[in-house]
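Engineer: The structure follows.
The values are calculated or read from the model by the stated rules, or taken from the named source; none is laboratory data. Bear in mind that the values here come from a model prediction, so they are computed numbers and not experimental data. Glycine also receives a Cβ, built like all others from the backbone with ideal geometry; neighbour counts cover every protein chain displayed.
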Amino acid sequence: MARLGVVGITKAFGTAVGVRDVSFTAREGEFVSLLGPSGCGKTTTLRMIAGLLIPDAGRIEIGGEDVTTLPPYRRSTSLVFQNYALFPHMTVHGNVAFGLRMHDVTKDETRRRVDDILAMVGLAELGGRYPRQLSGGQQQRVALARSLVLQPSVLLLDEPLSNLDAKLREEMRVELRLIQQRLRITAIFVTHDQEEALAISDRIIVMRSGGIEQDGSPGELFNRPRTEFVARFMGAGNVLTGTWNGDGVLRTQSGLEIRADRSKAGAAGSRGAVSVRAQSIRISPASVGAHGALSGNAAAGSIEFLSYRGSFWVCGVRLKGGDYMQVHMPTGDDENLSLKTGDAVTLYWEPRHTVPTIPDKAST
């Protein structure tokens with residue numbers, strides 16, 4: 001394992017800039033996810049770290065060594081591809097051993113290392129099978145084993161779970177994290193799935209339009225998004241835009257007034273955006289509605305839809321004036337068991353749960 005340093009890297013393809021002045025570090029043994037929508041630059045960044053692309057500017061360091069211009073085989077990284085890229089004519093054992101043979105590792109050492117890594121990923125009994133004889137999850141384990149057997153300083157993963165079904169994807173997510181922690185290897189994981197990034201990462205770097213929008217722990221990004229874009233992309237929140245009145249209150253275009261911590265609110269007359277987590281909002285039948293005055297924020301509306309999610313209901317509420325908010329309502333909340341579509345309700349939450357963010361230019 002080793003520390004990874006990315007310093008001001010930029011990459012253009014003709015007139016289109018794929019990555020612009022990106023800098024970050026990954027500590028030894030840290031699991032860092034590059035998260036963002038298609039075209040944000042996350043895969044281009046990963047490919048530059050792997051040596052498959054050379055930056056137009058900036059540098060990349062692994063373990064303190066500048067590897068910016070070194071070819072892939074001369075930097076201590078290993079890449080797990082999205083499509084696995086297994087050799088169909090080779091057995092599981094042959095696929096995993098391939099890289100060691102290219103590095104002239106002895107037969108005895110190769111056999112030992114392959115056997116050890118196959119046992120670690122749960123494929124000890126399948127070394128003689130071919131890729132076509134394996135399930136998707138087993139093929140993914142082979143691809144992971146093939147990378148890990150090289151004992152890289154930095155493991156690079158390019159959306160490796162995207163081809164798996166939901167249940168298997170969740171299982172592999174846990175397995176991957178356990179293996180990474182056991183080996184204490186530095187890992188860079190590319191994904192567009194915020195739930196996946198939250199579940200697996202020590203740190204998340206949200207990318208947008210070739211640059212870094214926010215870098216922080218899963219908790220920081222989920223609970224304290226810095227920008228409107230991050231708040232929307234991380235999901236499970238209500239993002240509302242409007243104008244600050246100078247008293248810690250954001251007024252939306254519809255007239256809804258949202259109170260935030262005054263010390264974190266914008267200047268009077270400035271445009272702003274706030275995020276309110278669906279889990280932070282309480283909901284009551286309109287006839288009950290005294291909680292709002294106590295909590296600092298109250299908004300009246302009617303239920304537009306209800307969706308059962310096991311431990312909670314997703315409740316969509318259309319507010320008076322037209323704004324829309326979602327609430328995650330615990331299934332054991334007796335007061336709300338009888339709520340149904342069309343019912344008049346009151347939403348209420350504390351100002352500390354209103355998180356001011358930097359608004360997008362498009363919404364200002």
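Engineer: Tell me yes or no: at least one residue of region 38-52 is under 30 Å from PRO218 (Cα atoms), in contact with a Ser or Thr (Cβ under 6 Å, 6 or more places away or on another chain) and not aliphatic (A, V, I, L, M).
Structural biologist: No; the residues of region 38-52 include none that is under 30 Å from PRO218 (Cα atoms), in contact with a Ser or Thr (Cβ under 6 Å, 6 or more places away or on another chain) and not aliphatic (A, V, I, L, M).
Engineer: Being in contact with a Ser or Thr (Cβ under 7 Å, 6 or more places away or on another chain) and surrounded by fewer than 23 Cβ atoms within 10 Å (Cβ to Cβ): is that true of THR227 here?
Structural biologist: For THR227, the condition - in contact with a Ser or Thr (Cβ under 7 Å, 6 or more places away or on another chain) and surrounded by fewer than 23 Cβ atoms within 10 Å (Cβ to Cβ) - is met.
Engineer: Take the residues in region 324-338 that are surrounded by fewer than 12 Cβ atoms within 10 Å (Cβ to Cβ) and of a type outside the set (Ser, Thr, Tyr); name whichever of them is modelled with the lowest pLDDT. I'd like the intermediate steps shown before the answer.
Structural biologist: Of all residues in region 324-338, those surrounded by fewer than 12 Cβ atoms within 10 Å (Cβ to Cβ) come to 330, 332, 334, 337-338.
Then keep just the ones that are of a type outside the set (Ser, Thr, Tyr); that gives 330, 332, 334, 337.
On the way: PRO330: 87, GLY332: 76, ASP334: 62, LEU337: 68.
The extreme case among them is ASP334.
Engineer: What residue, of LEU46, LEU86, LEU79, LEU53, is in contact (Cβ under 8 Å) with a residue 40 or more places away in the chain, in the same structural domain as SER217 (by TED's automatic domain parsing), part of a strand (DSSP E or B) and within 21 Å of PRO160 (Cβ to Cβ)?
Structural biologist: LEU79
Engineer: Now for a separate question. Could you give every pair whose Cβ atoms fall below 8 Å, whose first residue belongs to region 128-142 and is hydroxyl-bearing (Ser, Thr, Tyr), and whose second residue is crowded, with 18+ Cβ neighbours inside 10 Å and part of a helix (DSSP H, G or I), counting only separations of at least 6 or pairs across chains?
Structural biologist: TYR130/VAL92
Engineer: Out of the residues in region 56-72 meeting the condition of being acidic (Asp, Glu) and in contact (Cβ under 8 Å) with a residue 24 or more places away in the chain, tell me which one is surrounded by the fewest Cβ atoms within 10 Å (Cβ to Cβ).
Structural biologist: Taking the candidates together, the pick is ASP56.
Engineer: Six or more apart or on different chains, Cβ atoms under 9 Å: show the pairs whose first residue is in region 339-362 and more than 12 Å from LYS264 (Cα to Cα) and free of Cβ contacts under 8 Å to residues at least 40 places away in the same chain and whose second is surrounded by fewer than 17 Cβ atoms within 10 Å (Cβ to Cβ) and hydrophobic (A, V, I, L, M, F, W, C).
Structural biologist: The qualifying pairs are LYS340/LEU306; THR341/PHE305; THR341/LEU306.
Engineer: Checking the conditions here, which among ARG141, ARG75 is surrounded by 18 or more Cβ atoms within 10 Å (Cβ to Cβ), touching a strand residue (DSSP E or B) at 6+ places or on another chain (Cβ under 9 Å) and of a type in the set (Lys, Arg)?
Structural biologist: When all the criteria are applied, what remains is ARG75.
Engineer: Follow-up. Of the numbered conditions (1) closer than 18 Å to LEU46 by Cβ; (2) of a type outside the set (Ser, Thr, Tyr); (3) out of contact with any strand residue (DSSP E or B) (no Cβ under 6 Å at 6 or more places or on another chain), LEU183 fails exactly one; give the number of that condition.
Structural biologist: The single condition LEU183 does not satisfy is (1).
Engineer: In the set GLU196, GLU125, which member is crowded, with 19+ Cβ neighbours inside 10 Å and either touching a Pro at 6+ places or on another chain (Cβ under 8 Å) or not polar (S, T, N, Q) (or both)? Break it down into steps so the answer makes sense when it comes.
Structural biologist: Values: GLU125 fails: crowded, with 19+ Cβ neighbours inside 10 Å.
Of the residues listed, the single one that is crowded, with 19+ Cβ neighbours inside 10 Å and either touching a Pro at 6+ places or on another chain (Cβ under 8 Å) or not polar (S, T, N, Q) (or both) is GLU196.
Engineer: Please give the number of the condition ARG112 fails out of (1) buried (at least 16 other Cβ atoms within 10 Å of the Cβ); (2) farther than 26 Å from GLY64 by Cα.
Structural biologist: Status for ARG112: all satisfied but (1).
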